[in-house]
Amino acid sequence: TEPNIYYFGSGGGRFYKSIDYGATWTQLGSAGSSLVNRILIHPEHPDTLFAASERSGLYRSIDGGENWVAAVTNDARGYDFAFQPGNTQTVYATGNSVHVSRDGGFTFTTVGDEEPQRNNMQILSPSNLQGSFYVEENSYTQGYVPLPTEPEEFTSEVILYSDQGDST
């Protein structure tokens with residue numbers, strides 16, 4: 001939202017902010033105690049941030065990163081956050097499971113089965129595809145799956161498609 005402001009998450013959950021295009025950095029609060037994989041900035045409320053901390057969970061800040069709270073309390077992993085395209089009230093988060101919020105990221109519902117053996121999960125919305133997509137990396141296999149519009153429609157059965165459209 002402001003091109004001069006940059007955020008950086010590092011190991012140990014440390015969180016940094018630059019207000020001068022990255023020339024200088026200030027350490028803010030900590031989002032967990034592990035490597036920060038992903039930072040998501042709310043496009044309408046730039047002080048609302050989400051951070052996925054790989055081995056310590058999914059976090060939210062409403063004061064620009066000074067203070068963090070667990071956005072999802074029942075997941076000890078954090079991989080990704082994403083807004084549903086065109087709808088900032090719907091936020092998806094992934095850790096050991098997939099979580100969805102319908103209130104802008106203040107409360108989350110866990111959808112699908114918890115599968116702690118997953119290596120990594122990311123949420124993407126490629127420009128050439130419609131809607132949000134849940135992408136799983138498991139044994140180096142990646143693909144796209146449309147997310148359901150309602151959490152109860154989500155199942156643990158996931159069919160992955162390669163970029164070439166082949167079912168894997």
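Given the structure, is ARG38 at pLDDT below 95 and in a strand (DSSP E or B)? Criteria met by ARG38. Would it be correct to say that LEU58 is under 10 Å from GLY105 (Cα atoms) and either more than 14 Å from the chain's Cα centre (by Cα) or open to solvent by less than 10 Å² (accessible area, probe 1.4 Å) (or both)? So LEU58 fails the test.
Filtering region 75-89 to residues that are open to solvent by less than 40 Å² (accessible area, probe 1.4 Å) and part of a loop (DSSP other than H, G, I, E, B) leaves ASP75, GLY78, TYR79. Scanning region 38-52 for residues that are open to solvent by 60 Å² or more (accessible area, probe 1.4 Å) and either touching a Cys at 6+ places or on another chain (Cβ under 6 Å) or not hydrophobic (A, V, I, L, M, F, W, C) (or both) yields ARG38, PRO43, GLU44, HIS45, ASP47.
If only residues of region 1-33 that are in contact (Cβ under 8 Å) with a residue 40 or more places away in the chain and surrounded by 16 or more Cβ atoms within 10 Å (Cβ to Cβ) are counted, the one that is nearest to THR73 (Cα to Cα) is GLY32.
Checked against (1) under 14 Å from the mean Cα position of the chain (by Cα); (2) modelled with pLDDT of 90 or more, GLN84 passes all but condition (2). Within region 46-54, is there a residue that is free of Cβ contacts under 8 Å to residues at least 60 places away in the same chain, out of contact with any strand residue (DSSP E or B) (no Cβ under 6 Å at 6 or more places or on another chain) and outside any loop (DSSP other than H, G, I, E, B)? So far as region 46-54 goes, no, none of its residues is free of Cβ contacts under 8 Å to residues at least 60 places away in the same chain, out of contact with any strand residue (DSSP E or B) (no Cβ under 6 Å at 6 or more places or on another chain) and outside any loop (DSSP other than H, G, I, E, B).
Kindly evaluate VAL72 against the criterion of being touching a His at 6+ places or on another chain (Cβ under 6 Å) and either surrounded by 13 or more Cβ atoms within 10 Å (Cβ to Cβ) or free of Cβ contacts under 8 Å to residues at least 12 places away in the same chain (or both). Considered against the rule, which asks whether it is touching a His at 6+ places or on another chain (Cβ under 6 Å) and either surrounded by 13 or more Cβ atoms within 10 Å (Cβ to Cβ) or free of Cβ contacts under 8 Å to residues at least 12 places away in the same chain (or both), VAL72 comes out as yes. Do you know which of the residues in region 90-128 that are more than 18 Å from THR73 (Cβ to Cβ), among the polar types (S, T, N, Q) and open to solvent by 30 Å² or more (accessible area, probe 1.4 Å) is modelled with the lowest pLDDT? Residue satisfying both the conditions and the ranking: ASN128.
The values are calculated or read from the model by the stated rules, or taken from the named source; none is laboratory data. Because the structure is a prediction, the values reported are computed rather than measured. Don't worry about glycine lacking a Cβ; one is built from the backbone with ideal geometry, like all the others, and counts go over all protein chains shown. The area values use the complete protein model at the heavy-atom level, side chains included, leaving out ligands, DNA and RNA. Shrake-Rupley method; radii C 1.70, N 1.55, O 1.52, S 1.80 Å.
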